[in-house]
Amino acid sequence: MSSPFAPWLNAGEPVLLDGGLGTELERRGYRQLGVLWSAALVRTNEHAIRAVHHDYLEAGANVISTATFQAALPTLRSTGLHRAEAEDLLRDAVAIAALERTQFVRRHPHAKVPLIAASVGPFGASLMNGSEYTGAYDVSRAQLISHHVERLRVLSETEADFIACETIPSLPEALVLMDLLAALPHAPAWISFTCRDATHLADGNDLREALIAAQDVPNLCAIGVNCIAPHLAMSVLETLLHYASAPIIVYPNASNVWDLTTRQSADLLGPEAFAQESRRWWQAGAQIVGGCCRTTPDHIRAMAPSYPTSATTAAVQ
């Protein structure tokens, strides 16, 4: 299977991701969206989502992520949607990103065509209790399969370029996702973990065990970490470099501190400081870089000139 990132990686260029979607929508005033978070706007205000996609693409992002992070089929159905309606919402979220990509290509015909990542968040995101950051949910393998399997199937059949399983805090969940992805061999995918330190997932299990298991999933086109503090990125990257068998992704939060009780961030890195840090990740061996929670189009815009890439230069001209 050819890598969706080949146009950049074959040219020795980093792939520049977008930044936060849900947190950027919140920053723009779209708050209290409930259990669906950004997916709640797919049907009620797609223009808000398109505006964020637009701004990230114009800032220089080579990849935009769909508003499906919390949109597992059981979660969608818990809001009153029938199965067919829930599946259609997933398709619509991808279509929103695809429409904005088409508009970008028309404006910038000489830029590399950006990619669409079909975002898949962890089981904990549906609980709305912060457990996506800790992996502290005691559920069976069968429950994890039921939560993820249909969303992965539907997204694999859309025009998204790959499936992005992200902010995965738990080894049991990671292993379930790897098995489900391996059962969709036609669908490129990545998996990105959230960690408590350089060698442990958020649930305390060994990150290295997850990375070794990932080597047996042939359609994994990248592997890495996200939703971590920026100061942790370099030490986790060292572990990734030793054990990952695919291109490495690093996209931390903008802040070094997140208080689960108050749900507030602290020690926030501005765009220039974040861009400076991102340059270190790329120079150390990360090939796919971007931002997660609280990063904005300004962060991506500051990152774009940081690398010798013709694609990002073309995108912001």
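Below, the figures for the structure above:
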{"quantity": "Rounded to 5, percent antiparallel among DSSP beta bridges of the range 6-315", "calculated": "20"}
{"quantity": "Highest-fluctuation residue, 280, 91, 294 considered, GNM on the chain with Cα pairs under 10 Å", "calculated": "280"}
{"quantity": "Listed residues 131, 235, 119, most fluctuating in the chain (Gaussian network, C-alpha, under 10 Å)", "calculated": "235"}
{"quantity": "3J(HN,Hα) from dihedral phi, the range 16-25, Karplus parametrisation 6.51/-1.76/1.60, rounded to Hz, x for glycine, proline", "calculated": "9, 7, 7, x, x, 9, x, 5, 6, 4"}
{"quantity": "Electrostatic dipole magnitude of the range 40-114 [Cβ: Lys, Arg +1; Asp, Glu -1; Cα centre; debye, to 20]", "calculated": "160"}
{"quantity": "Distance from the range 65-109 to the range 11-36 (C-alpha centre basis), Å", "calculated": "14"}
{"quantity": "Rounded to the nearest 20 debye, dipole of the range 6-315 from Cβ charges on Lys, Arg, Asp, Glu", "calculated": "520"}
{"quantity": "Where labels lie 7 Å past Cα in the beta-carbon direction, separation of residue 208 and residue 44 in nm", "calculated": "4.7"}
{"quantity": "Fully extended contour minus Cα-Cα distance, from residue 199 to residue 128, at 0.36 nm per residue", "calculated": "22.9 nm"}
{"quantity": "Calculated FRET efficiency for the pair residue 146/residue 82, C-beta based, R₀ 22 Å, to 0.05", "calculated": "0.80"}
{"quantity": "In the range 1-67, the trypsin sites (Lys or Arg not before Pro) that fall in loop regions by DSSP, at most 14 other Cβ within 10 Å", "calculated": "28, 31"}
{"quantity": "Sum of -39500 (n - 2.57) over DSSP H runs of 4+, divided by residues of the chain (222 nm, nearest 500)", "calculated": "-12500 deg cm²/dmol"}
{"quantity": "Full-extension gain in nm, residue 51 to residue 113, via 0.36 nm per residue minus C-alpha separation", "calculated": "20.5 nm"}
{"quantity": "Percentage relative contact order, the chain, counting C-alpha pairs under 8 Å, at least six apart", "calculated": "21"}
{"quantity": "Computed label-point distance, nm, for sites residue 2 and residue 136 using a 7 Å Cα→Cβ extension", "calculated": "4.7"}
{"quantity": "Sparse-neighbourhood loop sites, chymotrypsin sites (Phe, Trp or Tyr not before Pro) in the range 1-34 - DSSP loop, at most 15 other Cβ within 10 angstrom", "calculated": "none"}
{"quantity": "Choice from 244, 304, 183 with maximal GNM fluctuation in the chain (Cα, 10 Å cutoff)", "calculated": "183"}
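Values quoted throughout were computed directly from the atomic coordinates according to the rules given, and no laboratory measurement underlies them. These numbers come from a predicted model, not from an experiment. In this analysis, Cβ positions are derived from the backbone assuming ideal geometry, glycine residues included, and neighbour counts consider all displayed protein chains.
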